[in-house]
Amino acid sequence: MKYQAVIFDLDGVICHTDYYHYLAWKKIADKIGIAFDETINNCLRGIGRMESLEIMLGARSEEFSQEAKRKFAEEKNDFYRRLLKNMSPKDLQPDVKNTLDQIKAHRIKIAVGSSSKNAKLILKQIGLENFFHAVSDGKNITRSKPDPEVFLKASILLGIEPQYCLVVEDAVSGLEAASAAGMDSAAIGDAVNYSIANFNLNKLSDLLQYLVDSKI
Ligand code: G6P
Ligand code: MG
């Protein structure tokens, strides 16, 4: 097998929490009175909370103190976490669960590589607590994607060299992070619009064929 591990992004790959990020940022943008839509939201995929706020504020960033920005980020996160609290294992799509089960059955290690500080809460809500061999998230990194730190930490936690890891991402920042980490990548969702990944997926289970084809 060419790949000994697959590192999955969480929001927008394992579950639909990318939409909850959108709803939560939209609420803050509407309150401030700035434009926010799916296109701007796509630029925030994989980017840490405070960095996302800065991108969202754009030229209006100068109008707000650090304290005001901290409060916006806190309010966004409070609203976002309320949405997460309503999640359950029903929010885990059968195609995603089957894919993860089959990869594990082939004795390939699986990890989460997410910039989110809420990753462990989400995994618990959808019934995947303790399911992955490693979880590298926003709580153990100092720089969010496109920095490779989160994926390199996952590779260390798994004990598998970067060249044997495949990253699955819905964010262009995540594809760049994988490349900087020396890892191959597969794109899903918005990330298929960029020609950075080694492979594009329509649905997560397409990954199974890719893993079989890349057997060497
Ligand atoms: C992921 C999401 C981003 C989010 C970041 C931080 O990378 O794709 O949209 O900003 O995590 O998430 P957090 O839950 O810590 O605010
Ligand atoms: Mg994502």
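Is there any pair with a first residue in the range 27-52 that is within 12 Å of ligand 2 (Cβ to nearest atom) and a second that is open to solvent by 50 Å² or more (accessible area, probe 1.4 Å) and at pLDDT below 95 whose Cβ atoms are under 7 Å apart and which are 6 or more apart or on different chains, and what are they?
Here the result reads none, with nothing in the range 27-52 linked to a residue that is open to solvent by 50 Å² or more (accessible area, probe 1.4 Å) and at pLDDT below 95.
Kindly list the number of the only condition in (1) under 19 Å from Arg49 (Cβ atoms); (2) at pLDDT 95 or above that fails for Val168.
Here Val168 clears every test but (1).
Right, Asp95: among the acidic types (Asp, Glu), within 16 Å of ligand 2 (Cβ to nearest atom) and touching a residue at least 40 places away in the same chain (Cβ under 8 Å) or not?
no
Test Ile40 against the criterion of being part of a helix (DSSP H, G or I), among the β-branched types (Val, Ile, Thr), within 12 Å of ligand 1 (Cβ to nearest atom) and open to solvent by 20 Å² or more (accessible area, probe 1.4 Å), and give yes or no.
Spelling it out, Ile40 is indeed part of a helix (DSSP H, G or I), among the β-branched types (Val, Ile, Thr), within 12 Å of ligand 1 (Cβ to nearest atom) and open to solvent by 20 Å² or more (accessible area, probe 1.4 Å).
Being of a type outside the set (S, T, N, Q) and in contact with a strand residue (DSSP E or B) (Cβ under 7 Å, 6 or more places away or on another chain) is the filter here; which residues of the range 113-122 pass it?
Gly113, Ala119, Lys120, Ile122
Show me the strands (runs of 3 or more DSSP E) found entirely inside the range 85-178 where at least 3 residues are open to solvent by less than 10 Å² (accessible area, probe 1.4 Å).
109-113, 165-169
Would a scan of the range 54-69 turn up a residue that is within 16 Å of ligand 2 (Cβ to nearest atom) and either modelled with pLDDT of 95 or more or more than 18 Å from Val172 (Cβ to Cβ) (or both)?
Taking every residue of the range 54-69 in turn, at least one turns out to be within 16 Å of ligand 2 (Cβ to nearest atom) and either modelled with pLDDT of 95 or more or more than 18 Å from Val172 (Cβ to Cβ) (or both).
From the residues in the range 69-84 that are of a type outside the set (A, V, I, L, M) and free of Cβ contacts under 8 Å to residues at least 40 places away in the same chain, which one is least open to solvent (accessible area, probe 1.4 Å)?
Once the filter is applied, the top-ranked residue is Lys69.
Output the number of the condition that Lys85 fails; it satisfies all remaining conditions of (1) within 16 Å of ligand 1 (Cβ to nearest atom); (2) in contact with a strand residue (DSSP E or B) (Cβ under 9 Å, 6 or more places away or on another chain).
(2)
Can you find a residue that is under 17 Å from the mean Cα position of the chain (by Cα), at pLDDT 95 or above, on the phi > 0 side of the Ramachandran plot and surrounded by 12 or more Cβ atoms within 10 Å (Cβ to Cβ) anywhere in the range 12-30?
yes
The values are calculated or read from the model by the stated rules, or taken from the named source; none is laboratory data. Since we're looking at a predicted model, the values are computed, not measured. So basically every Cβ, Gly included, is an ideal-geometry build from the backbone, and we count neighbours across all protein chains shown. Please note that ligands, DNA and RNA were not included when accessible areas were found on the heavy atoms of the full protein model with its side chains. Shrake-Rupley method; radii C 1.70, N 1.55, O 1.52, S 1.80 Å.
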